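J.: The structure's right below; bear with me while I get my questions together.
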Amino acid sequence: MSLEISIIVPDRIFWKSKTKEVILPTLSGQMGILKDHIPLLTGLDTGLMLVRSDSSLEWIVIAVMGGFALVNNNKVTILVNEAELGSDINPEEAESSFFSAKLLLENNSNLDSKKKLESLLQFKKARTRFQAIEEMKKLKI
């Protein structure tokens, strides 16, 4: 038996599959989930989720934008605000967005607190998408 994973975004089921292993970007760091993991509810940070498919040894890279994960009886239910497969991300656009968001964040000293928070969230999303591209290169996907 393997893990059954479901990734749910606000308007639909984004992805559903059987997997061998999942690595989640929790609020306290990365967490690996294998078959027969103890029941767990954890918050997810904006970051990379790695999934090892049941049918092969390859990893699937997914950028997730904050949410929650529930692990129970070999089922992993992921509720996130946004999700994007690494293979669907345009590398040039992700790199450009990352460096633009980084520059904006570095130069936000004259912004009000709401604008600072918005620029931080934009940076975290852009960084995660850029990291997805870099991770796929590292894994040679």
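J.: When the helix-only estimate is applied to the chain (DSSP H runs of n ≥ 4, each -39,500 (n - 2.57), divided by the residue count), what is the mean residue ellipticity at 222 nm, nearest 500 deg cm²/dmol?
T.: For the chain, the value works out to -10500 deg cm²/dmol.
J.: Additional query: Okay, which of the range 70-85 sit inside 14 Å, backbone N to the point 7 Å along the Cα-Cβ direction of Leu41?
T.: Flagged as within label range: 70-72, 77-79.
J.: Roughly what angle does helix 113-139 make with the longest principal axis of the chain, taking Cα atoms, 0 to 90 degrees, to the nearest 10?
T.: Roughly 50 degrees, rounded to the nearest 10.
J.: Here's a follow-up. Which one, Trp15, Gly47, His37, projects farthest toward the positive side of the charge dipole computed for the chain from Cβ point charges (K/R +1, D/E -1)?
T.: The Cα lying farthest towards the positive end belongs to His37.
J.: Compute the convex hull volume of the Cα atoms of the range 1-76, divide it by the residue count, and report the result per residue in Å³ as a whole number.
T.: Cα convex hull per residue, to the nearest whole number: 81 Å³.
J.: Continuing with the same structure: Compute the distance from the alpha-carbon center of the range 91-141 to that of the range 5-60, in whole Å.
T.: Centre-to-centre (Cα) distance: 22 Å.
J.: Given Cβ point charges of +1 (Lys, Arg) and -1 (Asp, Glu) and nothing else, what value in debye, to the nearest 20, does the dipole of the range 89-139 about its Cα centre take?
T.: 200 debye
J.: How are the C-alpha pair distances of the chain spread across 5 Å bins, as whole percents from the shortest bin up?
T.: Using 5 Å bins, I get a P(r) of 2, 10, 18, 21, 19, 14, 8, 5, 2, 1, 0 for the chain.
J.: To continue, here is another question. Taking the alpha-carbon distance from Lys115 and a cut-off under 22 Å, which lysines remain once sequence neighbours fewer than 8 residues away in the same chain are dropped?
T.: Lys102, Lys124, Lys125
J.: A further question on this structure: Run the reach check for Lys35 against aspartates and glutamates, Cα to Cα strictly under 18 Å, same-chain hits fewer than 8 apart removed. What comes back?
T.: The reachable aspartates and glutamates, counting only those whose Cα sits under 18 Å from Lys35, are Glu4, Glu21, Asp54, Glu58.
Laboratory data are not the source of any read-out in this text; all were calculated from the coordinates shown. On a predicted model such as this, the values are computed, not experimentally measured, just so you know. Methodologically, a virtual Cβ is constructed for each residue, glycine included, from the backbone with ideal geometry; neighbour enumeration extends over all protein chains shown.
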